[in-house]
Amino acid sequence: MNDKVCLVTGATSGIGRATAAGLAKSGLGVVMLCRDRTRGELVRDEITSQTRNQSVDLMVADLSSLASIRKFVTDFEAKYPRLDVLINDAAVYSGTRVVTSEGFELMFATNYLGPFLLSRLLVPRLEAGRPSRIINVTAPSSTMPRLDDLQGERKFGALGAFGASKAEDLLFTYAFARKLEGREVTANAYHPGIVRTGLMRGAPAPVRFVSGIMNLAVGVSPERASEGVVELATSDHFAKATGQLFHKGKSISAPFIEDEDLQEKLWKTSCGLAGVPETV
C-alpha cells in the first residue's frame, strides 16, 4: 500500500464508490469495505483499471452486524499498522421495520450504530496514522432522535427513522471530535447535497416521485458529490478542522451542534448498545 491508507465504507456504489475512485486517483492507498465480495471485486478491478493504482484493497463486513464489524477490525489490524482516513459512507433505507439477527433496527444499525462501533474500534490505528481524519457522510437532519425509543419499537416511521439515523451521525461526530481533542484525530461530517443515487428506491411512491423531481432539477452525480469528500479527506486546508459539518468546502450550520447534553446522552446509550467503554 501507499504511505497513506484510507478506509471507505459503502464503496461499491454511489458516493462511496466515487470516493474510493477519487482517493485512488490521487495516488492514495484505499481499503474498500463492502458487504458483497463478488460485487466488491468487480468495483475494485474497475477502480484499479481506471486509476492505474494497484494499492486498492477489498475487505468484507456487514455494517448492520456488530460481530461482523469486530471481526473486520481484527482482520484490518492484522494487515495495516495505521489508518490515515476513515470515511463512513454506507447507508440504507428500508420502508418497513426490519430487525437484524442481533436485534437492532436495520437503519439504526447500518447508518449509525455500526459506523459508531467501527470508528471507536479503529481509534488506535487512527492514532498510529496521526494526524488522521474521520469523515461521516450524512445530512443536516433536524429529526430529533427519541432516546427512549431509538429503534422504533413502540412507534416506527421509515422516513423518521432514516432522518433520525442521519441526526445521530451528526451528534456522534460532534461528541467524538470533542473526546478526541488534542490527539491529532479529527472528526467531521460531510453533507453531499442532493445526489442521484438509488438509496431511496424503497421509499413510498410519493417520496420517490418528489425525490426523482429533485434529482432531475438540482441533483448531482455521485462523482461530483464525492469531490468534496475527497477534498475534506486530503486537503491541508482542513487539517485542523474538527467537530463541523461541511458542504461544498465550507462549514455550514448544523442541527444539534450546541446540544452537548443530547450528544452525551446518545453517546452513553450507544456505548452500552455497542459494548464499548464510554471513555475513548
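No lab work stands behind these numbers, since they all come straight from the coordinates. As the structure is a prediction and not an experimental result, all values here were calculated from the model. No Cβ is skipped: glycine too gets one built from the backbone with ideal geometry, and neighbour counts run over all protein chains shown.
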**OP:** With a 10 Å radius around each residue's Cβ, average the other Cβ atoms per peptide and rank 63-73, 256-266, highest first.
**Re:** 63-73, 256-266
Original post:
Where Lys and Arg each count +1 and Asp and Glu each count -1, what net charge lies around Lys265 among other residues with Cβ under 11 Å from its Cβ?
Top reply: -4
Original post:
Hey, what number do you get for the chain at 222 nm if only DSSP H runs of n ≥ 4 count, each worth -39500 (n - 2.57), divided across all residues, to the nearest 500?
Top reply: -13500 deg cm²/dmol
**OP:** Treat the count of other C-beta atoms within 10 Å as a stand-in for reagent exposure and order Thr269, Thr234 from fewest to most.
**Re:** Thr269, Thr234
**OP:** Pull up all non-local amide H partners of Val31: gap of 5 or more, or a different chain, and H-to-H distance under 5 Å with H placed in the peptide plane.
**Re:** Cys6, Leu7, Val8, Asp57
Original post:
Got a sec to turn the phi values of the range 29-42 into Karplus ³J(HN,Hα) couplings, 6.51 cos²θ - 1.76 cosθ + 1.60 with θ = phi - 60°, whole Hz, x for Gly and Pro?
Top reply: x, 10, 10, 8, 9, 10, 8, 10, 5, 4, 5, x, 5, 5
Subject >> Hits among lysines - C-alpha to C-alpha of Lys240 under 16 Å, sequence gap 8 or more where chains match >> reply: Lys179, Lys250
**OP:** Only Cα pairs under 8 Å and at least 6 apart count here; give the relative contact order of the range 5-274 as a rounded whole percent.
**Re:** 19 percent
